[in-house]
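The values are calculated or read from the model by the stated rules, or taken from the named source; none is laboratory data. These figures come from a predicted structure and were not determined experimentally. Cβ coordinates were reconstructed from backbone atoms using ideal geometry, including for glycine residues, and neighbour counts include every protein chain displayed. What goes into the accessible areas is simple: the full protein's heavy atoms, side chains included, and nothing from ligands, DNA or RNA. Shrake-Rupley method; radii C 1.70, N 1.55, O 1.52, S 1.80 Å.
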Amino acid sequence: MTHFLQPSIYLRSLGKGFQISSSSSFLHSNSLALRSFSSKMSADSPIPTQSITIPCQLDQPVQILAAPGVSDSDFRNAIDSSLFKQWLMNLQSESGILAKGAMSLKSVLIQGVDMFGNKIGFLKFKADIYDKQTGKKVPGIVFARGPAVAVLILLSCEGETYAVLTEQVRVPVGKLMLELPAGMLDDDKGDFVGTAVREVEEEIGIQLKLEDMVDLTGFLDPATGCRVFPSPGGCDEGIGLFLYRGSASKETIAELQGKETGLRDHGELIKVHVVPYGKLWRVTADAKALMAIALYEMALKEGLLPSLKPC
């Protein structure tokens, strides 16, 4: 059953003067990416290849190749994907590694494609990028999965503050993990705050209001992109971290504890956990949770958080 946590019943709403900081530029950036390079497919090679020209190095076309086992359709889906186009845009952005001309992109090897329905979910490739001064190649293995969101939910109950976590099977690390409710953006519109609200409803079973969400990553310097990158040495994932503060009854806390949720038909076997906020940093190894704690505590310390309305 979905719980609608109304401020007048369970949760105290945030101040109405707060302006939500969220990104809506992803679609615009992606449309720019469509125009940022010209390409030419090779019909002579049995292995799918494509040559592209990007604005920051017009005199040096970039060769895009398919690794053995990558089909022609997967190859075409990869280079047409928003993941790949956004990566090209990032390279050429104001702070991008190609922007100042000190490095050059020579080739990209598409190594793997995982489809989520009719769109690419994960993309694996290797980029050959060279430092012009030394002539050395810099590390360039990329696991592209795109932007994501996570929500730190803090509920006040009889003088104690609780955090709401999910327990999920995480095959890559081989164990169960306690994590913040989180998920990937479903489309290219860059709707971080809307995705955050939907993920909470899917994973926890409660519905939050958009206007009550605080973008913790929005407090970062704009030069950071106002996102956090847990593993930039190998993955492009940039996460928007959000905060929701409210109050709940003892009955609501008890009902949430141990609740089984998620899209179980899709293999999402989720169990809800409610833990005292003061113990959160010790009970989870989730980087999203630990980063959210740091941002929340610093924003609280510097008086950046909007005031909660009294019950």
Dipole magnitude (debye, nearest 20) for the range 227-311, charges at Cβ of Lys, Arg, Asp, Glu
340 debye
Net charge near residue 131, counting Lys/Arg +1 and Asp/Glu -1 over other residues with Cβ under 15 Å of its Cβ?
+4
Hull surface divided by four, with the convex hull built on the Cα atoms of the range 179-311: how many nm²?
9.8 nm²
GluC sites (Glu not before Pro), restricted to the range 209-311: which are DSSP loop and have at most 10 other Cβ atoms within 10 Å?
302
Of 244, 130, which has the most accessible area with a 1.4 Å probe, and how do the rest follow in descending order?
130, 244
Using 0.36 nm times the number of residues separating residue 58 and residue 304, minus their current alpha carbon distance, what extension gain do you get?
84.1 nm
With an 8 Å cut-off on Cα pairs and a minimum separation of 6 or more residues, tell me the relative contact order of the range 184-240 in percent.
21 percent
Cα gyration tensor shape of the range 132-243, rounded if a/c is under 1.5, else prolate or oblate by comparing a/b with b/c
prolate
Only Lys, Arg, Asp and Glu count, each charged at its Cβ (+1, +1, -1, -1), so figure out the dipole size of the range 169-267 about its Cα centre, rounded to 20 debye.
380 debye
In the range 248-297, with Lys and Arg counted as +1 and Asp and Glu as -1 at Cβ, which of these residues, 256, 273, 284, has the Cα nearest the positive end of the dipole, that is, farthest along it?
284
Could you pull out every one of the aspartates and glutamates with an alpha carbon less than 15 Å from that of residue 126, ignoring same-chain neighbours closer than 8 positions?
236
Cut-off under 5 Å, modelled amide H: who pairs with residue 121 long-range
114, 115, 116
Which whole-number percent is the relative contact order of the range 114-215 (Cα, under 8 Å, 6+ apart)?
18 percent
Within the range 44-152, what whole-number % of the accessible surface is contributed by carbon and sulfur, with the 1.4 Å probe and all protein chains included in the calculation?
53 percent
Under 9 Å from the Cβ of residue 178, count the other residues' Cβ atoms, weight Lys and Arg +1, Asp and Glu -1, and hand me the total.
-3
Evaluate the charge dipole of the range 49-174 about its Cα centre and quote only its size in Debye, nearest 20, assuming +1 on the Cβ of each Lys and Arg and -1 on the Cβ of each Asp and Glu.
540 debye
For the pairs 106/132; 175/288; 85/136, note any where the Cα-Cα span goes beyond 23 Å.
85/136
Derived scalar couplings ³J(HN,Hα) [the range 296-302; Karplus, 6.51 cos²θ - 1.76 cosθ + 1.60; whole Hz; x for Gly, Pro]:
4, 5, 5, 5, 5, 4, 8
Counting only protein heavy atoms and leaving out ligands, DNA and RNA, the solvent-accessible surface of residue 56 at a 1.4 Å probe, in Å² to the nearest 10, equals 60 Å²
Calculate, in nm to one decimal, what residue 281 and residue 220 gain on full extension: separation in residues at 0.36 nm each, minus their alpha carbon distance.
19.9 nm
